[in-house]
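Comments concern the structure below.
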Amino acid sequence: MKKSRTEAFTDAVIAIVMTILVLEFPHVHGSTFADLIVLKDIFPAYVISFIFLVIYWSNHHHIFQIIDKVSGQTLWWNNAFIFLITLLPFTTNWLGDNIWAHDPEILYAALFLLANLTWLCMIKNLVKVNAHNACVTKILGDYRKSYRTLLLNVLALVIAFFVPIGGLIINVLSFLLWVVPDKRIEKIKNK
């Protein structure tokens, strides 16, 4: 199958989720900067979620630049990933309203873990489907960064049970691994 429809669909869903994130912001009642205090917890949660989405979109875009095709299984992994991403506005709001509470932090950490696990499964499938392309196999077939991310996500989930904000901090650290897409992809795209 051609990759363009999968890429376009994912772009559209991520754009919609980003829009929902900002539309879910609480209304500020008042006309002074002091009235913005109601955003003290929701704003950091929003920023973290927005950056999470941008990092995934950027990496998704880069990966889809070097692959040739997708399979039906790829579509299902991508759709599972998209489903998890659509839960981000809900979990972000709950987290923002209760940033120091266990349950919202645990749910948020679980969402990161599941999204990253689904992402890894999709990447493994893309490597299999594009096995004819040595560049894809070499670059995407190196799963070390994904495994490190999953390890940090599991650690974040465990820590969230005991120190809720600690789980969030570790998840932020986990996606810092992905801020810069793989430079090897850039080199291939520029050839």
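Listing for the model above:
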quantity: Stokes-Einstein diffusion coefficient of the range 3-190, Kirkwood radius over Cα pairs, 10 °C, 1.306 mPa s, in µm²/s; calculated: 91
quantity: Extreme residue, positive dipole direction of the chain, given options 93, 131, 17 (C-beta unit charges); calculated: 131
quantity: Nearest 10 degrees, 0 to 90: helix 144-162 Cα axis against the chain principal axis; calculated: 20
quantity: Angle in degrees between helix 42-66 and the longest Cα principal axis of the chain, rounded to the nearest 10; calculated: 10
quantity: Distant-in-sequence amide H partners of residue 41 (H built 1.01 Å from N, under 5 Å); calculated: none
quantity: Among 58, 31, 174, residue whose mean-square fluctuation peaks in a GNM of the chain (springs only between Cα atoms under 10 Å); calculated: 31
quantity: In order through the range 102-119: 3J(HN,Hα) via Karplus (6.51 cos²θ - 1.76 cosθ + 1.60), integer Hz, x for Gly, Pro; calculated: 5, 4, x, 5, 5, 4, 4, 5, 5, 5, 4, 4, 5, 4, 5, 5, 5, 4
quantity: Size of electric dipole in the chain: Cβ of Lys, Arg +1 and of Asp, Glu -1, about Cα centre, debye, nearest 20; calculated: 1240
quantity: Highest-fluctuation residue, 56, 147, 108 considered, GNM on the chain with Cα pairs under 10 Å; calculated: 147
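FYI, it's all coordinate maths here, none of it is from the lab. Bear in mind that the values here come from a model prediction, so they are computed numbers and not experimental data. Cβ coordinates were reconstructed from backbone atoms using ideal geometry, including for glycine residues, and neighbour counts include every protein chain displayed.
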